[in-house]
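Asker: If you scroll down you'll find the structure; I have some questions about it.
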Amino acid sequence: MQLFSCPFCGPRGESEFRFAGEFGNARPEGATVTDAQWSSYLHRRSNPKGRSAELWLHLTCGEVFRLDRDTLTHVVSGSYALGDCAEEVQP
Amino acid sequence: MTAFRVEGAGRIDRARPLLFHFDDVEVRGFAGDTIASALLASGVNVVGRSFKYHRPRGVWGFGVEDPNSLVDIAAPVVGANAQATTTLAFDGMRVKSVNGRPNVARDRGRFIDLFARFMPAGFYYKTFMFPNWHLFEPSVRAMSGFGRVDADAELPRSAEQINRAVDVLVVGAGPAGLLAALRAAEAGRSVLLVEQGGTVGGSLLVRTAAIDGRDGVTWTAEMLQRLAERGATVMTRTTAFGVYDHGLVALNEKGQGGRPDRLWRIRPGHVVLATGAIERPLPFANNDLPGVRSAEAALAYLRHHGIATGRKVVVATNNGLAYETAEALAAAGVDVTLVDSRRDAGIVPKGYGLLTGRSVVAAEGRGEVAGVRLDDGSRLVADSVVVSGGFTPTVHLYCQARGKLVWDAVAAAFVPGGPLAGLSLAGAVTGAFDLAGVFASVGTALQPIGVAAGALPAVAAGQPYAIAAAWPKPGAEGRVFIDLQHDVTVKDVELAARENYTSVEHLKRYTALGMAGDQGKTSNLNGIALMAELTGRTIPEVGTTTYRPPFTPVPLSSLAGWRSGGLFNPPRRLVLENVHRDAGASLREYGGWLRPAFYGDGPEVEAVAREARRAREAVALFDGSPLGKIEVCGPEAAAFVDFVYYNAMATLPVGRCRYGLMLAESGVVFDDGVLMRLDANRFVVSCSSSHVAAVQAHLEAWRQDRFDRKRLFIHNATPALATLTLSGPQARPLLETLDLGLALDDAALPHMAFASGAFDGVPVRVSRVSFTGDRSYELVIGSDRAEALWTRLMAAGAAFGITPLGTEALMVLRAEKGYIVIGKDSDGLTLPVDLGVTAPLRRKKGEFIGRRSLVSPEAQRPDRKQLVGLVVEDGEAPLVTGAHGVETRDGAKRSIGYVTSSYVSPGLGRPIALGLIERGASRHGEVIDIQHQRTMRQARIAAPCAFDPAGERLNG
C-alpha cells in the first residue's frame, strides 16, 4: 500500500485515490483542432520510466491534485493543489 | 530410527502430556512440542513423500526452513500444507500426511522413484507434448504435489486485520533483535519486536552463551523484562512476510488453539532486520534419507524439546558451528563421530570422535539412514546424520525492500550490501556468526536513527565459524539432492546447464529449484554455486533470483480478512428495504444496490407481467431512490452543465427538466438522465442509479479543471433523498388525494416540468418525467420521510388499483418504449448519433465534452452500430440477449451487432428486443439473421419504440 499525499488531507493509503490522468495533457480547443491533435490528446501518453507528473483524485475529499512520483521506485516527490502549480511547474 | 527424549533436557512441559493422531498412528508429546518434534520423539521417521519421486522424507529442519514436513491438519481446524516444524501440537489434533496414498509409510507411488532417471528436469515439457498436455494433466497432477484442500470443510473464520504505526520495527528476537529493540526503547522510541518462533531468544535458546556473566537464557529473560518496562511490544509466532511500497511491512500472527491468524500492517519509521541465518545441507549422495538433518536443528531439538536425534550420530560439517551439536549430543549420552571436511580446525573433541580432512560422499540405508560412506572409502554406522554446509543469511526482506546483495567470500554467502533508507540490519543476517560480531552490528544498525548502542554486552568467545565452502560438484555419483522440496538433484542442474538454461532465472524455471513452498531457503545457494561451477563463472556472477513476498506462506484467510461472504462486496441497502420485504419483494442486486426484482409469490414471469400490466392499466409505485441526485450550484453552474452535457442545457428554463446525454472525451455515451433547473444557479443532475459515484467524480474533475472553483459547487444529495415514482393512468388522481399543496393539472405541471410541495409539512419535489412511457410523477423527499410517503401512497392507491413495481417489470416497460439503459443498450463505442440523438451536434454552439470526437472519421463511418428494435414472428420465443446479428460476406460469416435487451411485452402480447446493429437506423423493415450458439433465427429491424410511438400516454 503506497502512501500518497493529498495537498488538503495529508498522507493517506493509495486505495483512497483514483488516477485521473497525465498532468499537462492540455485539451486542444477551437475550430482548427486537427484529427491528429485530438487523437494525441485522447490517446498518446508519455508513460515515462522514472519521474512522472500525474493527476489524482482523492476520493474522500473530492479534490483533484497533481502528484509527482517515480514510476520505477514509487518514490513520491511532491503533491500540489491544482491552482498552486498549474502555471509555474511544468512536467 | 532411534531419536529419543533425553531425561531432564528441553523446555517442554512434561507435566502436560498430549496425544494426537498422525494418519492412524498415535503420537505422544508434551505441551511445547511442535508436530515435528512430537513425531521425532515418537520414532516416526517418514513424515512426507517427496513432490516428484515419492521418496520418503523425514524432519530436516527446525523451523520455517524445513523442506520436508508438510502435513494437512484435519481437526480441529482444517489447514492444508501446514509445516509440522512450525505448528504447535496439541491434544486431540488429527494430522494427515501428504502426497502418500494410503499414507506416507506405505505409499503406492513409491515405485515412481525407480523411474527417476527417466524423469529429469523438463521431463513434463518434453514428454507430454503430444497430442495434448491436457490429456495427461489429471493423472500427473494426482501423482505429484502435496496437501489436499477439503472442499467440504468449514471455511476458516475471518482474520482480523490491524494497522499500526511504530517508530522502530525489529524483525527477529535473537540476541541482535533483543539488543536493538531495547536500545531503541531506552531512547524513547515506540518499538515493536516480532519473532516468528514461539519463544524469544533465537540462537540463545539453542547455543550456550555467556553474556555479561549470564547464560543466554537468563540474559534473554532480563532483556524481555526490560523491554516490558520500557513499553515495547513483543509478538511471537508472528512472521514479517513482506516489505511493500513506502515501507509497509506485513506481519502474519499465527492463531493458536483454533483461533484464526491475524494480519498486521505496520508503518514503521525505521526497520531493523535481525532475521538471522539458515543452515544449508551438505551435498552427498542420498542426502535426503530420513535421519539426515540439519546440525543446528538437531541442537535445537535437544535444547528446546529434549530430543536427541539418534543413538549413533555422525555430524558432518565444513565449519566450526556444528561442533556444539556434537558436544551436546555426546553429553546427552549419544555416540557421536564428527566428520570435518577442513584439514585442521585446531579443536580438541570433548566426548566424541573426530575425523578431519574427511567428507561424507554418501548416506546409506534403505528407507532411512543406516550409515555413511566417506571420501576415503571407509564407512561409519549411524542411525542419524546431522549436517552443516554453512549458514545463509536470511536476506529476503532486505531484497524485497530493493536492497542489493554482495558476495562475502569469507562467510561464503550473499550478504546485504548495506543499510537502505529506513532499514538497517543487525546480527547473523549481516554475515556475523559469532556473538561479539552480532552485538557489534547492532551499533551500526542503530546509527541511522540516532540511537547509541552504548556499551555492548561482553561475551565469551565461541567456536570460530571458519567455513571452507563445500558446494555441490559436477559429476557427483549417486542422487545428490539440492532442493528437497521440489526434488532437484545435481544431475538436473547439470542438464539445465547442458541445455543452456544457465541464467539463474532460467535455472529456477527449468528445474523448479527454489520454486516450492519453502522458496529454496536451504537450496538456492547450493544450486547457484553448482551452476557457477558448471559454467565457469563465480557465484556472484550467476547471482540470485528475485526475492518476492511472502517470506513464508500466508493463509488466504489472513489476506482476505473480513472481506469474504456477505462482506466481500456488500450491496447498498434501500432505506425502504424492510417495507419492500413486508410487501413480499424478492430482492436482487442491481448495479450495487439490493432492490426489489418483483413482488409477491408465484413464478417470476407471472409476477413481472402482472406488475407491468397494472402499471399500464392503473398505477404502479416504484422505489427509485438510488437514482442520482447530484446538485450543481453557483454562478457558473449553467455554463458548467452546458459543457458536461451533449445537449444544450444553458437554455433550460427554471422549473423544467430536460433529458440529456453525458459523453466522455472520446464521444462515447457516458451516462444519460434528466437535468432539472431549480433556479438560475442551481441544477440537479439525475444520473443512472449504478453510476452516481462515477458521474460525481467525472463532474468534480471537470469542475476543478476548467471552472472557477469558488463559483461552482457539486453536492451529491442521492443518499439524503428518496425517489418514489408513481406511473400509470391513475397516477394523477391518486396523487391528488394526498393534497401536496401544488397544482397537478397539465397546464401548471406539464410533462418535463417539476414543482415543489409538502407532504405532512415536509418538502417534496414532484417531477413529470417518465421511464415507462406513461404519465409519471417522481416524488423526491427526505429519506427519513420515505416510509411515510410510501405507506400513504399504497394505502390511498388501493382504490386506484395500485401495485408496487419491481425493477424487472420496469425494465420491460422501458424496453417497450425503446428507452435505453447505458452500458446495457450501449457499449464502449456507442456515440450519441448511434442512438439517434443528432440534433445537438448540428445545433449546439458551445463547446462540450467529447465534441471534437463526434466529427472524427471514426464517428462518420457509415457502418456504425446503431440502436434498433428487433421484431420476431408472432408466437416465437424472445431472442436471447447477447445473440449476434450475422451476415455472410465474401463467403465468411461475420457479426453485424447484437441483441442488447430482450423481454416478453405483456402490453403488446409478443416478444420485444433492442439491439445495436450495423447501419441499423437505415435498415428498418429488413430481416436479418440472429445467431445464438448453434441456432439461427430471423428478426425484422424496426424502430426502438414498440409501444405508443406517438407518446400519447405521457399525458394520458
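The values are calculated or read from the model by the stated rules, or taken from the named source; none is laboratory data. A quick note: this is a predicted structure, and the numbers were derived from the prediction, not measured. When we count neighbours, we look across all protein chains shown, and the Cβ atoms used for this are built from the backbone with ideal geometry, even at glycine.
Asker: Just checking, which of B:736, B:700 is closer than 30 Å to residue B:802 by Cβ, without any contact (Cβ under 8 Å) to a residue 40 or more places away in the chain and not aliphatic (A, V, I, L, M)?
Answerer: On the way: B:700 fails: closer than 30 Å to residue B:802 by Cβ.
Among B:736, B:700, only B:736 is closer than 30 Å to residue B:802 by Cβ, without any contact (Cβ under 8 Å) to a residue 40 or more places away in the chain and not aliphatic (A, V, I, L, M).
Asker: Same structure, new question: Does any residue of the stretch A:10-19 turn out to be more than 10 Å from chain B (Cβ to nearest Cβ), in contact (Cβ under 8 Å) with a residue 24 or more places away in the chain and surrounded by fewer than 13 Cβ atoms within 10 Å (Cβ to Cβ)? Working first, answer last.
Answerer: Within the stretch A:10-19, the subset more than 10 Å from chain B (Cβ to nearest Cβ) is A:10, A:12, A:15-17, A:19.
Subsequent filtering for residues that are in contact (Cβ under 8 Å) with a residue 24 or more places away in the chain retains A:12, A:16-17, A:19.
Next, from what is left, pick out any that are surrounded by fewer than 13 Cβ atoms within 10 Å (Cβ to Cβ): A:19.
Yes; the residues of the stretch A:10-19 include at least one that is more than 10 Å from chain B (Cβ to nearest Cβ), in contact (Cβ under 8 Å) with a residue 24 or more places away in the chain and surrounded by fewer than 13 Cβ atoms within 10 Å (Cβ to Cβ).
Asker: Of a type in the set (Lys, Arg) and more than 14 Å from chain A (Cβ to nearest Cβ): does that describe residue B:293? Steps first, answer last, please.
Answerer: Numbers: of a type in the set (Lys, Arg): yes; more than 14 Å from chain A (Cβ to nearest Cβ): yes.
Yes: the conditions hold for residue B:293.
Asker: Whether any residue in the stretch B:469-479 is surrounded by 19 or more Cβ atoms within 10 Å (Cβ to Cβ) and closer than 14 Å to residue B:121 by Cβ is what I want to check.
Answerer: Taking the stretch B:469-479 and keeping what is surrounded by 19 or more Cβ atoms within 10 Å (Cβ to Cβ), we get B:470-472, B:479.
Cutting the leftovers down to closer than 14 Å to residue B:121 by Cβ gives us B:479.
Yes; the residues of the stretch B:469-479 include at least one that is surrounded by 19 or more Cβ atoms within 10 Å (Cβ to Cβ) and closer than 14 Å to residue B:121 by Cβ.
Asker: Mind telling me which of the residues B:632, B:684 ends up being more than 14 Å from chain A (Cβ to nearest Cβ), part of a strand (DSSP E or B) and of a type in the set (Val, Ile, Thr)? Walk me through it before giving the result.
Answerer: Working: B:632 fails: more than 14 Å from chain A (Cβ to nearest Cβ).
When all the criteria are applied, what remains is B:684.
Asker: Of the residues that sit in the stretch B:614-658 and are touching a residue at least 24 places away in the same chain (Cβ under 8 Å) and among the hydroxyl-bearing types (Ser, Thr, Tyr), which one is nearest to residue B:764 (Cα to Cα)? So that I can check it myself, show each step before the final result.
Answerer: Going through the stretch B:614-658, the residues touching a residue at least 24 places away in the same chain (Cβ under 8 Å) turn out to be B:614-650, B:652-658.
Next, from what is left, pick out any that are among the hydroxyl-bearing types (Ser, Thr, Tyr): B:625, B:645-646.
Numbers: B:625: 14, B:645: 26, B:646: 29 Å.
Of everything passing the filter in the stretch B:614-658, B:625 is nearest to residue B:764 (Cα to Cα).
Asker: Name every residue in the stretch B:188-226 that is in a loop (DSSP other than H, G, I, E, B) and hydroxyl-bearing (Ser, Thr, Tyr), in order of residue number.
Answerer: Taking the stretch B:188-226 as the starting set, the residues that turn out to be in a loop (DSSP other than H, G, I, E, B) are B:188-190, B:195-201, B:206-209, B:212-213.
Result: B:190, B:199, B:208.
Residues checked against (1) more than 20 Å from residue B:674 (Cβ to Cβ); (2) surrounded by fewer than 21 Cβ atoms within 10 Å (Cβ to Cβ):
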{"residue": "B:706", "(1), (2)": "yes, yes"}
{"residue": "B:715", "(1), (2)": "no, yes"}
{"residue": "B:723", "(1), (2)": "no, no"}
{"residue": "B:726", "(1), (2)": "no, no"}
{"residue": "B:736", "(1), (2)": "yes, yes"}
{"residue": "B:745", "(1), (2)": "yes, yes"}
{"residue": "B:750", "(1), (2)": "no, yes"}
{"residue": "B:763", "(1), (2)": "no, yes"}
{"residue": "B:767", "(1), (2)": "no, no"}
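Asker: Given the criteria among the polar types (S, T, N, Q), at negative phi and surrounded by 20 or more Cβ atoms within 10 Å (Cβ to Cβ), does residue B:503 qualify? Reasoning before the result, please.
Answerer: Values: among the polar types (S, T, N, Q): yes; at negative phi: yes; surrounded by 20 or more Cβ atoms within 10 Å (Cβ to Cβ): no.
Answer is no for this residue.
Asker: Also: Quick test of your reading of the structure: residue A:46 fulfils all but one of (1) more than 23 Å from residue B:848 (Cα to Cα); (2) more than 10 Å from chain B (Cβ to nearest Cβ); (3) surrounded by 14 or more Cβ atoms within 10 Å (Cβ to Cβ); (4) of a type outside the set (A, V, I, L, M). Name the failing condition by number.
Answerer: It is condition (3) that residue A:46 fails.
Asker: Quick one: is residue A:34 among the β-branched types (Val, Ile, Thr), more than 9 Å from chain B (Cβ to nearest Cβ), free of Cβ contacts under 8 Å to residues at least 12 places away in the same chain and farther than 19 Å from residue B:702 by Cβ?
Answerer: So residue A:34 fits the description; yes.
Asker: Would you mind stating whether residue B:781 is surrounded by 14 or more Cβ atoms within 10 Å (Cβ to Cβ), modelled with pLDDT of 95 or more, touching an Asp or Glu at 6+ places or on another chain (Cβ under 8 Å) and more than 18 Å from residue B:614 (Cβ to Cβ)? Give the steps one after another, and end with the answer.
Answerer: Values: surrounded by 14 or more Cβ atoms within 10 Å (Cβ to Cβ): yes; modelled with pLDDT of 95 or more: yes; touching an Asp or Glu at 6+ places or on another chain (Cβ under 8 Å): no; more than 18 Å from residue B:614 (Cβ to Cβ): yes.
No, not satisfied.
Asker: Sticking with this one: Which residues, taken from the stretch B:631-648, are under 21 Å from residue B:778 (Cα atoms) and surrounded by 21 or more Cβ atoms within 10 Å (Cβ to Cβ)? Write out each step before concluding.
Answerer: Residues of the stretch B:631-648 under 21 Å from residue B:778 (Cα atoms): B:631-632.
Scanning the stretch B:631-648 gives a single hit, B:632.
Asker: For the stretch B:702-743, give me the residue count where each residue is outside any strand (DSSP E or B), polar (S, T, N, Q) and within 10 Å of chain A (Cβ to nearest Cβ).
Answerer: Of the residues in the stretch B:702-743, the ones outside any strand (DSSP E or B) are B:702-712, B:717-720, B:728-743.
The next check asks that each one be polar (S, T, N, Q); those that pass are B:704, B:718, B:730, B:737.
Those still in the list that are within 10 Å of chain A (Cβ to nearest Cβ) too: B:704.
Total meeting the criteria: 1.
Asker: Checking the condition surrounded by fewer than 17 Cβ atoms within 10 Å (Cβ to Cβ), of a type in the set (A, V, I, L, M) and modelled with pLDDT of 95 or more, which residue from B:326, B:331 passes? If you could, list the steps in order and put the result at the bottom.
Answerer: Numbers: B:326 fails: surrounded by fewer than 17 Cβ atoms within 10 Å (Cβ to Cβ).
The conditions single out B:331.
Asker: Considering only residues that are touching a Lys or Arg at 6+ places or on another chain (Cβ under 9 Å) and under 12 Å from residue B:52 (Cα atoms), which ones fall in the stretch B:99-116?
Answerer: Kept after step one, since they are touching a Lys or Arg at 6+ places or on another chain (Cβ under 9 Å), are these residues of the stretch B:99-116: B:99-104, B:107-110, B:112-113, B:116.
Result: B:99, B:100, B:109, B:110, B:112, B:113, B:116.
Asker: Of the residues B:699, B:678, which single one is within 13 Å of chain A (Cβ to nearest Cβ) and either among the hydroxyl-bearing types (Ser, Thr, Tyr) or closer than 20 Å to residue B:645 by Cα (or both)? Give the derivation first.
Answerer: Details: B:678 fails: within 13 Å of chain A (Cβ to nearest Cβ).
Among B:699, B:678, only B:699 is within 13 Å of chain A (Cβ to nearest Cβ) and either among the hydroxyl-bearing types (Ser, Thr, Tyr) or closer than 20 Å to residue B:645 by Cα (or both).
Asker: Could you say which residue among A:5, A:52 is surrounded by 12 or more Cβ atoms within 10 Å (Cβ to Cβ) and away from chain B (no Cβ under 12 Å)?
Answerer: Details: A:5 fails: away from chain B (no Cβ under 12 Å).
Among A:5, A:52, only A:52 is surrounded by 12 or more Cβ atoms within 10 Å (Cβ to Cβ) and away from chain B (no Cβ under 12 Å).
Asker: All but one of (1) modelled with pLDDT under 80; (2) crowded, with 16+ Cβ neighbours inside 10 Å hold for residue B:158; which doesn't?
Answerer: Against the list (1) modelled with pLDDT under 80; (2) crowded, with 16+ Cβ neighbours inside 10 Å, residue B:158 comes up short only on (1).
Asker: Given the condition surrounded by fewer than 16 Cβ atoms within 10 Å (Cβ to Cβ), more than 9 Å from chain B (Cβ to nearest Cβ) and either under 20 Å from residue B:709 (Cβ atoms) or among the β-branched types (Val, Ile, Thr) (or both), answer yes or no: does some residue in the stretch A:67-80 qualify?
Answerer: Restricting attention to the stretch A:67-80, the residues satisfying the condition of being surrounded by fewer than 16 Cβ atoms within 10 Å (Cβ to Cβ) are A:70-75, A:77-78.
When the remaining residues are screened for being more than 9 Å from chain B (Cβ to nearest Cβ), the result is A:70-72, A:77-78.
With either under 20 Å from residue B:709 (Cβ atoms) or among the β-branched types (Val, Ile, Thr) (or both) added as a condition, the list becomes A:71.
Checked the stretch A:67-80: at least one residue is surrounded by fewer than 16 Cβ atoms within 10 Å (Cβ to Cβ), more than 9 Å from chain B (Cβ to nearest Cβ) and either under 20 Å from residue B:709 (Cβ atoms) or among the β-branched types (Val, Ile, Thr) (or both).
Asker: Okay, next question. At least 3 residues that are in contact with a helix residue (DSSP H, G or I) (Cβ under 6 Å, 6 or more places away or on another chain) in each: list the helices (runs of 4 or more DSSP H) lying fully within the stretch B:511-626 that qualify.
Answerer: Values: elements: B:524-535, B:539-542, B:556-560, B:577-582, B:604-617.
Correct list: B:524-535, B:604-617.
Asker: Of all the strands (runs of 3 or more DSSP E) wholly in the stretch B:847-956, which have at least 3 residues that are surrounded by fewer than 21 Cβ atoms within 10 Å (Cβ to Cβ) and under 45 Å from the mean Cα position of the chain (by Cα)?
Answerer: Numbers: elements: B:865-871, B:884-889, B:892-905, B:910-918, B:927-932, B:935-942.
The strands (runs of 3 or more DSSP E) meeting that bar are B:884-889, B:892-905, B:927-932, B:935-942.
Asker: Within the stretch B:649-669, track down each residue that is in contact with a helix residue (DSSP H, G or I) (Cβ under 7 Å, 6 or more places away or on another chain), buried (at least 20 other Cβ atoms within 10 Å of the Cβ) and more than 14 Å from every other protein chain (Cβ to nearest Cβ).
Answerer: Correct list: B:649, B:661, B:662, B:669.
Asker: Pairs only if they're at least six apart or on different chains, beta carbon under 7 angstrom, first in the stretch B:748-765 and at positive phi, second charged (D, E, K, R); list them, first residue then second.
Answerer: Close Cβ pairs satisfying both conditions: B:752/B:656; B:752/B:658; B:752/B:768.
Asker: From (1) surrounded by 17 or more Cβ atoms within 10 Å (Cβ to Cβ); (2) within 23 Å of residue B:363 (Cβ to Cβ); (3) among the hydroxyl-bearing types (Ser, Thr, Tyr), pick out the condition that doesn't hold for residue B:2.
Answerer: Status for residue B:2: all satisfied but (1).
Asker: Could we say that residue B:198 is out of contact with any Phe, Trp or Tyr (no Cβ under 9 Å at 6 or more places or on another chain) and modelled with pLDDT under 95 here?
Answerer: Numbers: out of contact with any Phe, Trp or Tyr (no Cβ under 9 Å at 6 or more places or on another chain): yes; modelled with pLDDT under 95: yes.
So residue B:198 passes the test.
Asker: Out of the residues in the stretch B:391-412 that are among the polar types (S, T, N, Q) and buried (at least 22 other Cβ atoms within 10 Å of the Cβ), state the one that is nearest to residue B:548 (Cα to Cα). Can you show your working first?
Answerer: From the stretch B:391-412, those among the polar types (S, T, N, Q) are B:392, B:394, B:400; that's our starting set.
With the extra rule that they be buried (at least 22 other Cβ atoms within 10 Å of the Cβ), the set shrinks to B:392, B:394.
Numbers: B:392: 17, B:394: 13 Å.
Looking at the filtered set, the residue picked out is B:394.
Asker: Can you work out which of the residues in the stretch B:534-552 that are surrounded by fewer than 18 Cβ atoms within 10 Å (Cβ to Cβ) and touching a residue at least 40 places away in the same chain (Cβ under 8 Å) is nearest to residue B:476 (Cα to Cα)?
Answerer: Within the stretch B:534-552, the match that is nearest to residue B:476 (Cα to Cα) is B:538.
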